[in-house]
Amino acid sequence: MNPEATFRKSSFRDSLIRLNRLDKQGFAALVFKPGMLFKDIAVWWCAGGVRRRPHEGLDICFYRDVSGQNCRLTEKTMIPVIYDGKIARIHDDFLGKSVYVMHEIYDGNGNRLYTVYGHTSPLRDMGEGKELREGDPFTTIADVGTKKTVIPPHVHLSVAWIPVTFPCERLNWDTMSNPKVVTLCNPLDCL
């Protein structure tokens, strides 16, 4: 398994902009603070914090507009799927729901590609087994206003190779952090 595998670029960024009309708001670029990127050990939502383990993915929360102003995505932000796939699992996480999408992409070593979207609120007609096309909206960022947290609303993206024999019902964040089962990849390679 090659964790540095090259992925075809997804239309995720363009779909995110189109679905949420960010171009009408002057979208220029996504903004990542230290701690938001793959394998970062800092936390980005408070000063001086350190993660228990390296970050399993990418947190998307901020963007810069054409005037140079930093803006934040909201709970109404629709999130598109990175590649064609099928929802394999949905479970609660500490800010919302995590959605695991399995793709018909294989590494030749018995592993299938999954993308995982954390801290979300799946759209009403979304459930396990639902087929998705690249760029389809299927969830929004979870509303964290009812939670006792200092973490702003954001979507967490993980990309991973997982054995095709691994049962979907056992997918969770402990599994995602287990290198004996999962090989995490940098989501920016897809975006």
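The values are calculated or read from the model by the stated rules, or taken from the named source; none is laboratory data. The model shown is predicted, which means the values in this text are computed figures rather than measured ones. Neighbour counts run over all protein chains shown; Cβ positions are idealised from the backbone, glycine included.
With the condition kept exactly as written, say whether any residue in segment 58-69 is of a type in the set (S, T, N, Q), at pLDDT below 95 and touching a strand residue (DSSP E or B) at 6+ places or on another chain (Cβ under 9 Å).
So far as segment 58-69 goes, no, none of its residues is of a type in the set (S, T, N, Q), at pLDDT below 95 and touching a strand residue (DSSP E or B) at 6+ places or on another chain (Cβ under 9 Å).
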### Query
Mind checking which pairs have a first residue in segment 147-174 that is farther than 13 Å from Y114 by Cα and free of Cβ contacts under 8 Å to residues at least 24 places away in the same chain and a second that is of a type in the set (F, W, Y) and surrounded by 23 or more Cβ atoms within 10 Å (Cβ to Cβ), Cβ under 8 Å, 6 or more apart or different chains?
none
## Note on the structure
The residue that is modelled with the lowest pLDDT, considering only those in segment 138-155 that are over 18 Å from the mean Cα position of the chain (by Cα) and part of a loop (DSSP other than H, G, I, E, B), is K147
### Query
For segment 67-83, does any single residue satisfy the condition of being under 21 Å from C185 (Cα atoms), assigned to a loop (DSSP other than H, G, I, E, B) and without any contact (Cβ under 8 Å) to a residue 12 or more places away in the chain?
no
### Task
Examine segment 93-100 for a residue that is surrounded by 19 or more Cβ atoms within 10 Å (Cβ to Cβ) and more than 18 Å from the chain's Cα centre (by Cα), and state whether such a residue exists.
no
### Task
Search segment 108-125 for residues that are without any contact (Cβ under 8 Å) to a residue 60 or more places away in the chain and pair each with any residue that is among the aromatic types (F, W, Y) when their beta-carbon atoms are under 6 Å apart and the residues are at least 6 apart or on different chains.
R112/Y106; Y114/Y100; L123/F138
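Residues checked against (1) in contact with a Pro (Cβ under 8 Å, 6 or more places away or on another chain); (2) buried (at least 16 other Cβ atoms within 10 Å of the Cβ):
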residue: E75; (1), (2): yes, no
residue: R124; (1), (2): no, no
residue: R133; (1), (2): no, no
residue: D136; (1), (2): yes, yes
residue: V155; (1), (2): no, yes
residue: T165; (1), (2): no, no
residue: E169; (1), (2): no, no
### Message
Which count do you get for residues in segment 76-117 that are more than 17 Å from E131 (Cα to Cα) and among the hydroxyl-bearing types (S, T, Y)?
### Response
2
### Message
When you check G135 against the structure, is it closer than 23 Å to R51 by Cα and either in a strand (DSSP E or B) or touching a residue at least 24 places away in the same chain (Cβ under 8 Å) (or both), yes or no?
### Response
no
### Message
Restricting to segment 15-24, give me the number of residues that are under 28 Å from V182 (Cα atoms) and either in a loop (DSSP other than H, G, I, E, B) or modelled with pLDDT under 95 (or both).
### Response
0
### Task
Considering every residue within segment 106-115, establish whether at least one is modelled with pLDDT of 95 or more and in contact with an Asp or Glu (Cβ under 9 Å, 6 or more places away or on another chain).
yes
### Task
Name the residue, out of F7, F27, F12, that is at pLDDT below 95 and surrounded by 15 or more Cβ atoms within 10 Å (Cβ to Cβ).
F7
### Task
Quick one: G48 ticks every box in (1) loosely packed, with under 15 Cβ neighbours inside 10 Å; (2) at negative phi; (3) more than 17 Å from the chain's Cα centre (by Cα); (4) not in a helix (DSSP H, G or I) except a single one, so which number is it?
(2)
